[in-house]
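Structure first, then comments.
The values are calculated or read from the model by the stated rules, or taken from the named source; none is laboratory data. From a predicted model like this one, the values you see are computed outputs, not experimental measurements. Don't worry about glycine lacking a Cβ; one is built from the backbone with ideal geometry, like all the others, and counts go over all protein chains shown.
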């Protein structure tokens, strides 16, 4: 007897991991993980029961009705059909769904048909500001990006407290500020439309004052100069201490070498009497008759 089952590889919802499903006897026999957060669900019916600790996945598990077998008159063959039901979201776009044939004459997974799921969804909007800072008197721009299926083609801009300023131009997904001014401060909203739905995103613009920027730069330079001055002072102190240490030891060495030579009548006697010379040698005396 031929039977069918479905396999759907879906990214698990937030807060649910493959390890959690594996610990549940209700779900453990109906899926196997293919990645960190990806699982393949299979052989699950519409009458499944969800537990409280797995509430987040109750509406997420795909399900289908039992196989429908249709016999063909005057023919030993028959047709088997199955119907899959699942609630999709934007994350299911391009998900692979497979219908697998189970029969004693074929190996597991040998006969199956795969189909990529195409999910249409409204755009998710994000606003990306210009890389440079928003400084008064300079140019600036905001770019609206919409992720949806299909891609959004209609963009519009608005300011929260009224119309767009005179020196602000909207060109599709780009909002350009020709010369920033303090009056440009505020919340700007981008609307994106792809025909399936609309999405919106907002950005808070805060224009920086040129005087404040220069003051901040001056403070930074003062801090750097102070640090350099402290380092130079420490190095000078170390050089002075080292110089005094070397001078003191050099004077001690000369003093020791000169001991015993102050009262010598001549140079030869001074060398003999000095420490470090032949101090341990016997003194030779000459006698004249």
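Residues considered: 69, 125, 101. Of these, the only one that is more than 19 Å from residue 11 (Cα to Cα), in contact with a strand residue (DSSP E or B) (Cβ under 8 Å, 6 or more places away or on another chain), outside any loop (DSSP other than H, G, I, E, B) and modelled with pLDDT under 80 is 69.
In this structure, residue 91 does satisfy being surrounded by fewer than 16 Cβ atoms within 10 Å (Cβ to Cβ), closer than 30 Å to residue 193 by Cβ and at pLDDT below 85.
Within segment 171-182, how many residues turn out to be surrounded by fewer than 16 Cβ atoms within 10 Å (Cβ to Cβ) and either in contact with a helix residue (DSSP H, G or I) (Cβ under 8 Å, 6 or more places away or on another chain) or not in a strand (DSSP E or B) (or both)?
Total meeting the criteria: 5.
Conditions tested, residue by residue: (1) assigned by TED's automatic domain parsing to the domain that holds residue 91; (2) within 30 Å of residue 80 (Cβ to Cβ); (3) touching a residue at least 24 places away in the same chain (Cβ under 8 Å); (4) in a helix (DSSP H, G or I).
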position	(1), (2), (3), (4)
155	no, no, yes, no
169	no, no, no, no
188	no, no, yes, no
228	no, no, no, yes
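Has segment 109-120 got at least one residue that is surrounded by 11 or more Cβ atoms within 10 Å (Cβ to Cβ) and farther than 30 Å from residue 3 by Cβ? Checked segment 109-120: at least one residue is surrounded by 11 or more Cβ atoms within 10 Å (Cβ to Cβ) and farther than 30 Å from residue 3 by Cβ.
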